[in-house]
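Just below is one structure, and these are the notes that go with it.
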Amino acid sequence: QVQLVESGGGLVQPGGSLRLSCAASGSIFNVYTMGWYRQAPGKARDLVAVITTGGTTIYADSVKGRFTCSKDNAKNTMYLQMNSLQPEDTAVYYCNARKPSYNYWGQGTQVTVSS
């Protein structure tokens, strides 16, 4: 069983930055593809960024150039650096770990972008 714990959410003004963290319960980054997803009220959960076991990153078009996903294998922690935040980035952000037949989610962390 993999446990994922997100942190780092909060309230930020438009144009501001936040860094989210996802702490995993063990050394899973070499076998699980990791990702960040977000869900705004009344909307579906959407992909934000994925980082593969080899470190390749893929981003949603809406966040390209503003968000950076990275991971620290030694700390079993994945990060999402979010810059130039806009009100439309407001959502609950979820950490995900997946491999064939396995799919785990964190509890989510709220990000609110508002003046």
Filter the stretch 60-74 for residues that are modelled with pLDDT of 95 or more and polar (S, T, N, Q); the one that is farthest from the chain's Cα centre (by Cα) is S62
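Here is a list: T33, T68, T57. Which entry is over 30 Å from S115 (Cα atoms) and without any contact (Cβ under 8 Å) to a residue 24 or more places away in the chain?
Working: T33 fails: without any contact (Cβ under 8 Å) to a residue 24 or more places away in the chain; T68 fails: over 30 Å from S115 (Cα atoms).
Residue meeting the stated conditions: T57.
Assess whether T109 counts as being under 18 Å from L11 (Cα atoms), touching a residue at least 12 places away in the same chain (Cβ under 8 Å), of a type outside the set (F, W, Y) and open to solvent by less than 80 Å² (accessible area, probe 1.4 Å). Break it down stepwise before answering.
Numbers: under 18 Å from L11 (Cα atoms): yes; touching a residue at least 12 places away in the same chain (Cβ under 8 Å): yes; of a type outside the set (F, W, Y): yes; open to solvent by less than 80 Å² (accessible area, probe 1.4 Å): yes.
Yes.
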When the stretch 17-44 is checked residue by residue, the ones that are within 18 Å of V2 (Cβ to Cβ) and open to solvent by 70 Å² or more (accessible area, probe 1.4 Å) are S25, S27, N30, V31
When the stretch 44-54 is checked residue by residue, the ones that are touching a residue at least 24 places away in the same chain (Cβ under 8 Å) and either in a loop (DSSP other than H, G, I, E, B) or more than 11 Å from the chain's Cα centre (by Cα) (or both) are R45, T53
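Inspect all residues belonging to the stretch 1-13 and state whether any of them is aliphatic (A, V, I, L, M), assigned to a strand (DSSP E or B), modelled with pLDDT of 95 or more and open to solvent by less than 40 Å² (accessible area, probe 1.4 Å). Reasoning before the result, please.
Restricting attention to the stretch 1-13, the residues satisfying the condition of being aliphatic (A, V, I, L, M) are 2, 4-5, 11-12.
This time we only want the ones that are assigned to a strand (DSSP E or B), so: 4-5, 11-12.
If we keep only those that are modelled with pLDDT of 95 or more too, we end up with 4-5, 11-12.
Filter once more, keeping what is open to solvent by less than 40 Å² (accessible area, probe 1.4 Å): 4, 12.
Checking the stretch 1-13: at least one residue is aliphatic (A, V, I, L, M), assigned to a strand (DSSP E or B), modelled with pLDDT of 95 or more and open to solvent by less than 40 Å² (accessible area, probe 1.4 Å).
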For the stretch 58-76, the count of residues that are within 22 Å of G16 (Cβ to Cβ) and either part of a strand (DSSP E or B) or open to solvent by 60 Å² or more (accessible area, probe 1.4 Å) (or both) equals 9
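The values are calculated or read from the model by the stated rules, or taken from the named source; none is laboratory data. Computed from a predicted model, the values in this text were never measured in an experiment. Cβ sites come from the backbone with ideal geometry, for glycine too, and all protein chains shown count toward neighbours. Side chains included, ligands, DNA and RNA excluded: accessible areas come from the protein's heavy atoms. Shrake-Rupley method; radii C 1.70, N 1.55, O 1.52, S 1.80 Å.
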